Amino acid sequence: MTVTHPSTSAPAAGTRIRVAIAGATGFAGQELVKLLSRHPVAQLTVAMSSAAGSPTRHIPALTRIWDDPIVPLDIDRLCAEAEVVFLALPEAASAEVGAALVARGVRVVDLSGAFRLRDDHARHKFYPATPVLPEGTMYGLAEHDRSGFRAARLVSCPGCYPTAALIATQPLADAGLLVGPVIVDAKSGISGAGKTPSDRTHFSENHGSVSAYGLFSHRHTPEIEQELGHAVTFVPHLVPLDRGILETIYATLKPGTKDAEVSAVMHAAYADAPFVRLVGSHLPEIKHVAHTNFCDVGWKVDEHTGRIILVSCLDNLVKGAAGQAIQNFNLAVGIDEKTGLL
Ligand SMILES: NC(=O)c1ccc[n+]([C@@H]2O[C@H](COP(=O)([O-])OP(=O)(O)OC[C@H]3O[C@@H](n4cnc5c(N)ncnc54)[C@H](OP(=O)(O)O)[C@@H]3O)[C@@H](O)[C@H]2O)c1
């Protein structure tokens, strides 16, 4: 089949780019609807739920934001009505729909983990529904590298936990300041698990409790290690909040590293990053980033022991999902990455 790719040049002034959402009834998808409906360049043409859904659905929370019905998944319609499709689907569905859209010349911004791992062995283990990565797939963490977005056919958005971990640690790793393993102690609000409650995420179980899970087995561990190039011990916890992630990250610095050098590296890395707020020793809090696309990072260095503790915070549904996806869309279509977000 011959595929004609839509232009990757920036849109002319006043031009709207037709976009669609698959998975619009989910937590991340609803956040996408809210943000895209007021985006000045993206024109949301259709929002879809699962193929098994009833013919049309309305989400009360989206009244006067998106009053069109949400319709069952239909790949032909996505191809007909959108130049770029946002996928906020479970991994297996994303693997199938994302590959089909790319093959038909539609650009994709995927929020799932289906296309994040480049190593075949790791991907087969954690995302078995993705046998190969479609040509033109990129891992889209803008704060680390903005160079590949314009040419990408599929932007795979980082996971919520990896986004917070990588923004905090990648500049130090790139500067060669980290030695040995990195320990990421993470706490997440319950919306990170999606809208379907389980025994663990049910309100009655989660309210008034804190629990660790996924020890040595969480799929975000290989993702952080892939991007960081360091061994990582990652321990996620569920906390009784609806949204937000806070990570406390423990690492060892190259011998002799001073606080001032850490500060210089971090500020140089994020001088042009509109969504990273370096708060230094005023450690960040979930309330300060909730409902925003910011990732706040603070740290303290103990020069005596050579240890650094970083604290990184974001909203899992915005910077960890829908907001980051729109930031990546903006870069992919050649407009200011802050568009519709700040
Ligand atoms: N929640 C987060 O904080 C977060 C952060 C980063 C990334 N992500 C990723 O983003 C994706 C969506 O997460 P979420 O939390 O929004 O999930 P969710 O609340 O469970 O929503 C899933 C969405 O996908 C649809 N869906 C389910 N099965 C489908 C299928 N087989 N085919 C087509 N559509 C299907 C659902 O439609 P129905 O309403 O019809 O079931 C719903 O719209 C996941 O891959 C997740 O890992 C989530």
### Query
Condition test on Thr221, is it of a type in the set (Val, Ile, Thr), more than 20 Å from the chain's Cα centre (by Cα) and either within 13 Å of the ligand (Cβ to nearest atom) or closer than 21 Å to Ala321 by Cα (or both)?
no
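Scan the stretch 7-42 for residues that are part of a loop (DSSP other than H, G, I, E, B), of a type in the set (S, T, N, Q) and either surrounded by 15 or more Cβ atoms within 10 Å (Cβ to Cβ) or within 15 Å of the chain's Cα centre (by Cα) (or both) and jot them down. Can you show your working first?
Going through the stretch 7-42, the residues part of a loop (DSSP other than H, G, I, E, B) turn out to be 7-16, 23-26, 37-41.
Among the residues that remain, those that are also of a type in the set (S, T, N, Q) are: 7-9, 15, 25, 37.
Matches in the stretch 7-42: Thr25, Ser37.
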### Message
With the structure loaded, tell me whether Arg116 is of a type outside the set (Gly, Ala, Ser) and within 16 Å of the ligand (Cβ to nearest atom) or whether it fails that test.
### Response
yes
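Which of the residues belonging to the stretch 201-228 are touching a helix residue (DSSP H, G or I) at 6+ places or on another chain (Cβ under 7 Å) and at pLDDT below 95?
As a first pass, look at the stretch 201-228 and keep what is touching a helix residue (DSSP H, G or I) at 6+ places or on another chain (Cβ under 7 Å): 201, 206, 219-220, 222-224, 227-228.
Matches in the stretch 201-228: Thr201, Asn206.
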### Task
Tell me which residues, restricted to the stretch 305-340, are within 16 Å of the ligand (Cβ to nearest atom) and either more than 14 Å from the chain's Cα centre (by Cα) or polar (S, T, N, Q) (or both).
Ser312, Asn316, Gln324, Gln327, Asn328
### Task
Considering only residues that are in contact (Cβ under 8 Å) with a residue 60 or more places away in the chain and closer than 17 Å to Arg18 by Cβ, look in the stretch 107-132 and name the one that is farthest from the chain's Cα centre (by Cα).
Arg107
### Query
Within the stretch 54-67, can one find any residue that is modelled with pLDDT under 95, within 11 Å of the ligand (Cβ to nearest atom) and out of contact with any Phe, Trp or Tyr (no Cβ under 9 Å at 6 or more places or on another chain)?
yes
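Filter the stretch 20-53 down to the residues that are of a type in the set (S, T, N, Q) and more than 12 Å from the ligand (Cβ to nearest atom) and list them by number.
Residues of the stretch 20-53 that are of a type in the set (S, T, N, Q), as a first pass: 25, 30, 37, 43, 45, 49-50.
Passing the criteria: Ser37, Gln43, Thr45.
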### Task
For the stretch 48-83, enumerate the residues that are crowded, with 18+ Cβ neighbours inside 10 Å and in contact with a helix residue (DSSP H, G or I) (Cβ under 6 Å, 6 or more places away or on another chain).
Leu62, Trp66
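Conditions (1) closer than 18 Å to Cys157 by Cβ; (2) without any contact (Cβ under 8 Å) to a residue 60 or more places away in the chain, marked per residue:
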{"site": "Ala12", "(1), (2)": "no, yes"}
{"site": "Arg16", "(1), (2)": "no, yes"}
{"site": "His39", "(1), (2)": "yes, no"}
{"site": "Ser49", "(1), (2)": "no, yes"}
{"site": "Ile59", "(1), (2)": "no, yes"}
{"site": "Thr63", "(1), (2)": "no, yes"}
{"site": "Trp66", "(1), (2)": "no, yes"}
{"site": "Phe86", "(1), (2)": "yes, no"}
{"site": "Ala95", "(1), (2)": "yes, yes"}
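Consider Ala129 carefully, then state whether it is within 16 Å of the ligand (Cβ to nearest atom), under 26 Å from Arg77 (Cβ atoms) and not aromatic (Phe, Trp, Tyr). Explain how you work it out, then say what you get.
Working: within 16 Å of the ligand (Cβ to nearest atom): yes; under 26 Å from Arg77 (Cβ atoms): yes; not aromatic (Phe, Trp, Tyr): yes.
Spelling it out, Ala129 is indeed within 16 Å of the ligand (Cβ to nearest atom), under 26 Å from Arg77 (Cβ atoms) and not aromatic (Phe, Trp, Tyr).
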### Count of residues meeting criterion [free of Cβ contacts under 8 Å to residues at least 24 places away in the same chain and either among the acidic types (Asp, Glu) or within 7 Å of the ligand (Cβ to nearest atom) (or both)] in the stretch 184-202
2
### Query
Mind checking whether some residue in the stretch 284-291 is within 21 Å of the chain's Cα centre (by Cα), closer than 30 Å to Leu89 by Cβ and either buried (at least 24 other Cβ atoms within 10 Å of the Cβ) or aromatic (Phe, Trp, Tyr) (or both)?
yes
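The values are calculated or read from the model by the stated rules, or taken from the named source; none is laboratory data. Owing to the predicted nature of the structure, the values given are computational and were not obtained by experimental measurement. Using ideal geometry, Cβ is built from the backbone for each residue, glycine included, and neighbour counts are taken over all protein chains shown.
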